Every structure is written in C-alpha cells, then in structure tokens.
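A.B. asks: Below: one structure in structure tokens.
Every number in this text was worked out from the coordinates using simple rules, so none of it is lab data. Treat the numbers as computed from the prediction; the structure is a model and nothing was measured. Cβ coordinates were reconstructed from backbone atoms using ideal geometry, including for glycine residues, and neighbour counts include every protein chain displayed.
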Amino acid sequence: MKYIKNTAVFSLIALTFLLCGPKDPIKQAIETNKQGAELLPSNPEKALNKFLEASELDPKQAEYRTNAGIAYMTMDRKKEALEKFGEAVQIDSKYMQAYYNSGVILESLGRHKEAIQNYESALKLTTDDTPEIIYNLALSNENSGQKEDAIEYYSKFVKIAPASFKPAIEEAKTRIQKLGGKKNAEAKETKRVKSKKAKRNKN
C-alpha cells in the first residue's frame, strides 16, 4: 500500500508541474503578438513592447519583427522600423509586407531608388498585381525622374484598381497628363498587346 501511495503522490506532483510549469513559448508568442495588435491603434509604444517580447519568445517568426517595425513607423521612428523590416527579411526572404513597408519608409526619406527596389521585391511576392504597390511604384519612379516607368505604372494602376480607389485613380490620371504620357502609355500598351499576339501566332 505504501508503494501505491507514493505513486499517487508522484502523479500529483507531475500533474502540478504540467499545470504550473512554463508555457509553450511559441503559443505564448502568438498570444503576445495578438495583444500587441490590439494595442497598436491606441498605444503603439505598449504594442511595440509586446511585439518585441513575441520576437524573443519565437525568434524565427518574421511577422513579429515586421509588427515591431510597424509600431516604430506609427511612432515615426523610421530608422528602427527599417532595422526591424530588415531583420524580418533575413528570417524570411519571401515576407512581402516587410519589403512593402521598407519601400514606404525609404520613399518618405527621399531614397526613391531603394524604395523602387523594395516595392519591386514586394510585387514579385504577390499572387496578383496589388494596386497599392503599383501606385507606390509609379510615385517612386516619378520622384526619381523615371517618367516612362511612372506613366506605365500609373496607367496599370488605373486599369486594375477597384472602384473603392476612386480618389487615387483620379490622382493617377492627373499625374499621367502632367507627365504628358497619356498617348505614350496608350502606344506602349498597344505595342505590348501586339507583341503578345505575335508570340501566340508563333506557337
């Protein structure tokens, strides 16, 4: 009976350890990141602390570092935000949001060519043409003096953007006219269509 009693005590200790022991860090990171997301609109500084904590709990998640970068962006701490997005890309080279957000910051700093590179990387990682990326690419190309590319992207944006983007669509049309590129854009599109048809005929 003594042996059975000791076993029961051991079982109780084991159960207590399981219930009171340390939480799974990955699950804890998910919960902490969720808390950060809820805090972000009202208290970005507290949200940042949550995202940084989540990053420590699960260092392999690019999402948590990207979220920390977004919190830094919200507080206008651009340098730290860029660092976090860079860390996210090192963890996951296919994490689109980190490239896109880097592009936004770089453009705001007047580093147009670097912004273009990041937007292009983000665009390659999307399953379809994302209007926001296309518009930002157009803007960065315009600001860097690459008029033809800017016209091409603005024209593409006008073509693919949903009706909810109406103000941006009108802005894009105005910029195309300002760049004197309406006719050039139409000619370029016609040339592209003809080239596609020629390739099909060959096949």
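A.B. asks: Can you work out the FRET efficiency for the pair Glu56 and Gln117, with r the C-beta to C-beta distance and R0 = 41 Å, to the nearest 0.05?
C.D. replies: Working: r = 30 Å, r/R0 = 0.73.
After rounding, the FRET efficiency stands at 0.85.
A.B. asks: How big is segment 111-171 along each principal axis, measuring the range of its Cα positions in Å and listing the largest first?
C.D. replies: That gives 30, 25, 16 Å along the principal axes, largest extent first.
A.B. asks: Here is a follow-up. Sorting check: for 148-158, 92-102, which peptide has the highest mean count of neighbouring beta carbons within 10 Å, and how do the rest follow?
C.D. replies: My ranking of the peptides, most packed first, is 148-158, 92-102.
A.B. asks: If you take the square roots of the eigenvalues of the alpha-carbon gyration tensor of segment 28-124 and sort them as a ≥ b ≥ c, do you get rounded (a/c under 1.5), prolate (a/b over b/c) or oblate?
C.D. replies: Cα axes put segment 28-124 in the oblate bin.
A.B. asks: By per-residue mean of other Cβ atoms within 10 Å, what is the highest-first order of 65-71, 132-138, 30-36, 120-126? List each step's numbers first, then the result.
C.D. replies: Values: 65-71: 26.3, 132-138: 23.0, 30-36: 18.4, 120-126: 16.6.
So the order, starting with the most tightly packed, is 65-71, 132-138, 30-36, 120-126.
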